[in-house]
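All of the numbers you see were taken from the coordinates with simple rules; none came from a lab. These numbers were taken from a predicted model, which means no experiment stands behind them. Cβ placement follows ideal geometry from the backbone for every residue including glycine, while neighbour counts extend to all protein chains displayed.
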There are 2 protein chains.
Amino acid sequence: MAEPASRPAPATRKGRPPDPEIDQRALRAALQVYGELGWAGFSFDAVARRSRVGKAALYRRWPDKEHLLAAALELLAEPPPDWADPADLRACLTLMAEQVVDMFVGPKALVLPRVLIEASLYPPLFDETVLTIARARFDAARELVRAAVERGELPAGTPPELVIDAITGRVLSAIVLTPGRERPRIAADPSRHAAAAVDFVLAALNDASSSKE
Amino acid sequence: MAEPASRPAPATRKGRPPDPEIDQRALRAALQVYGELGWAGFSFDAVARRSRVGKAALYRRWPDKEHLLAAALELLAEPPPDWADPADLRACLTLMAEQVVDMFVGPKALVLPRVLIEASLYPPLFDETVLTIARARFDAARELVRAAVERGELPAGTPPELVIDAITGRVLSAIVLTPGRERPRIAADPSRHAAAAVDFVLAALNDASSSKE
C-alpha cells in the first residue's frame with residue numbers, strides 16, 4: 001500500500017504563502033492516525049492520505065514524525081487563547097475542561113491512552129517534549145486557580161491541583177455515565193458539558209467549606 | 001485468516017469441571033483485543049487466538065460477543081472485594097483508585113476510550129449493560145464516601161462525587177505528568193500510586209475546609 005518514501009522538495013521552495021488551514025488539517029489528521037495506529041503505524045504516508053495534504057507539504061512544515069506528532073499534541077490541549085481573561089476563573093476553567101471533553105469523546109479519544117501506553121517506546125527527546133507540553137498546561141491551570149484562591153473566590157487553602165483534578169474527573173465520569181447514544185451530543189457541544197463540570201466543582205468546594213462549623 | 005465460524009459443542013457437554021483460570025485468561029484477552037481492534041474487530045476468533053483458549057470453550061461460557069465483552073468490562077472495574085471493610089474509607093478508595101490506574105496504564109488503556117467512542121455503535125441492549133456496570137460502580141463508591149462524611153471523616157457537606165472525581169482526576173494527572181520511561185513503574189505497583197492519589201485528595205479536602213475562618 002505505502003508508496004516508496006521519496007524525499008520531497010526542500011523547505012526553501014518559494015512562492016507559496018503559508019496556509020494555516022492546511023496546518024490544522026494536517027495536525028488533526030495526525031492526531032487521528034496516531035490514535036488509531038499508534039507510534040509504530042504513525043507515518044507521513046498515513047497522515048498525507050488522511051489529511052489530503054501532500055507529503056511534500058508535510059515535510060516542508062515538519063522535518064520528521066517526532067516533530068509532526070509533537071505539533072499535533074500541542075493541539076490536544078491548547079493554552080487559553082489570548083482573549084481569555086485570566087481573572088475570569090469560570091471562563092478559563094471551562095475552556096480547559098472543554099479540551100478534556102474533547103480528549104475523551106470524538107476522534108481524538110484514543111490519543112491520550114496511546115501517549116500513556118507508548119511514551120516509554122518513544123525516542124527519549126520526544127518523550128521530554130510531550131512531558132514539557134503537559135507540564136506547561138498544568139502549570140498554567142494551577143496559576144489561574146492559585147490567583148482565584150488569593151482573590152477569595154475559592155476557600156483559603158484550596159490546593160489548585162484539587163480543583164483541576166476534580167474538574168478533569170467530573171468531565172470524565174459524566175461522560176462515562178451518559179448513555180452511548182447520547183454521547184455524540186456531548187461531543188457536539190463540549191462547552192456546555194465543560195461548564196457543567198466546572199460549576200459543579202466550584203460550587204462543591206465552596207459548599208463543603210461553608211458548611212463546616 | 002479467520003476459520004469458518006463452525007458452531008461449537010453445546011454447553012451441556014459434561015465431564016469438564018469449570019476452570020476459573022481459563023475464564024480470567026479469556027476475559028483479559030478479550031479486553032486487550034477490544035482495546036486494540038474495537039467493536040468491529042472484536043471476535044471469538046481473535047479472543048481465542050490471543051488467549052489460547054479454544055473457541056468451543058469460549059462459546060460454552062458466553063453465547064455471543066456482547067456477553068463476552070460485557071463480562072470482560074465487569075473485570076475492568078470490579079467492586080471492592082468481600083474482605084474490604086466499608087468503614088475503612090482510605091482502603092476502599094485506594095482499591096478503587098487502583099482500578100483507575102489500571103485503566104490508564106498498561107494493556108487495558110485503550111478499552112475505556114473505545115467504549116466512549118463506540119458505545120453509540122453497540123446494539124442498544126449492550127450499551128445498557130455497559131451503563132449499568134458503570135452506574136453500579138459509581139453508586140457503590142458514592143455510598144462509601146457518603147457514610148464517611150456522616151462519620152465525620154470528611155467535612156460536612158462534602159459531595160461524594162467531588163471526592164470520587166478528584167481521585168480519578170488525580171490518578172490521571174499524576175500519570176500524565178510522569179515521564180514515559182517511569183510510567184511502567186506505576187503499572188507495576190498501582191496500589192502505591194493509587195494510595196498517593198487518595199491521600200492527596202482526602203488531605204486537600206480536609207485542609208481546605210479547616211483553613212476557612
Which residues in the stretch A:155-178 have a backbone N closer than 11 Å to a point placed 7 Å from the Cα of residue B:131 along the Cα-to-Cβ line?
-> A:177-178
What is the Cα radius of gyration of chain A over 2.2 N^0.38 Å, N being its residue count?
-> 1.18
Can you give me the three principal axis dimensions of the protein assembly as shown from its C-alpha atoms, in Å, biggest first?
-> 78, 69, 37
Taking only Cα atoms and a 10 Å spring cutoff, compute GNM fluctuations for chain A and point out the largest among A:51, A:191, A:173.
-> A:173
Taking chain B as the reference, fit the longest principal axis to its C-alpha atoms, fit the long axis of helix B:190-210 to the helix C-alpha atoms, and give the angle between the two in degrees, 0 to 90, nearest 10.
-> 30
Contour excess over end-to-end distance, with Cα ends at residue B:24 and residue B:143 and 0.36 nm allotted per residue | 40.0 nm
Looks like the stretch A:85-150, by Cα gyration tensor root eigenvalues a ≥ b ≥ c and the a/c under 1.5 rounded cutoff (else prolate when a/b is bigger than b/c, oblate otherwise), is oblate
Averaging 1/r across every pair of distinct alpha carbons in the stretch A:99-185 and inverting yields a Kirkwood hydrodynamic radius, in angstrom, of 15.2
Considering only DSSP states other than H, G, I, E and B, which GluC sites (Glu not before Pro) in the stretch B:127-209 qualify as loop sites with at most 16 other Cβ atoms within 10 Å?
-> B:153
The stretch A:34-191: relative contact order from alpha carbon pairs under 8 Å, six or more residues apart, as a whole percent, is 28
What shape does the stretch A:20-73 take by its C-alpha gyration tensor, where a ≥ b ≥ c are the square roots of the eigenvalues and a/c under 1.5 counts as rounded, a/b above b/c as prolate, and the rest as oblate?
-> rounded
Other copies of residue B:136: label-to-label distances in nm, shortest first, labels 7 Å along the beta-carbon direction | 4.5
In whole angstrom, note down how far apart the Cα centers of the stretch A:63-136 and the stretch A:143-213 are.
-> 19
Could you pull the copy-to-copy label distances for residue A:63, with points set 7 Å along Cα to Cβ, in nm to one decimal and sorted shortest first?
-> 6.1
Net charge near residue A:120 (other residues with Cβ under 14 Å of its Cβ; Lys, Arg +1; Asp, Glu -1) is 0
Positive-end residue, the protein assembly as shown charge dipole about Cα centroid, Cβ charges, pick of A:198, B:73, A:164 = B:73
Projected label distance in nm at residue B:40 and residue A:49, using a 7 Å step from Cα toward the beta-carbon = 1.3
Cross-link table A:65/A:108; A:108/B:55; B:55/B:108, entries beyond 28 Å C-alpha to C-alpha = A:108/B:55
Helix A:89-104: angle to the longest alpha-carbon principal axis of chain A, degrees 0 to 90, nearest 10?
-> 50
Given springs between every Cα pair under 10 Å in a Gaussian network model of chain B, which of B:48, B:156, B:57 has the largest fluctuation?
-> B:156
For residue B:90, inter-copy label distances in nm, listed shortest first [label point 7 Å out on the Cα-Cβ vector] | 3.7
Residue B:67 versus residue B:150: modelled label distance in nm, points set 7 Å from Cα along the beta carbon direction = 3.8
Counting pairs of alpha carbon atoms under 8 Å apart in space and at least six apart in sequence, what relative contact order in percent does the stretch B:20-73 give?
-> 43
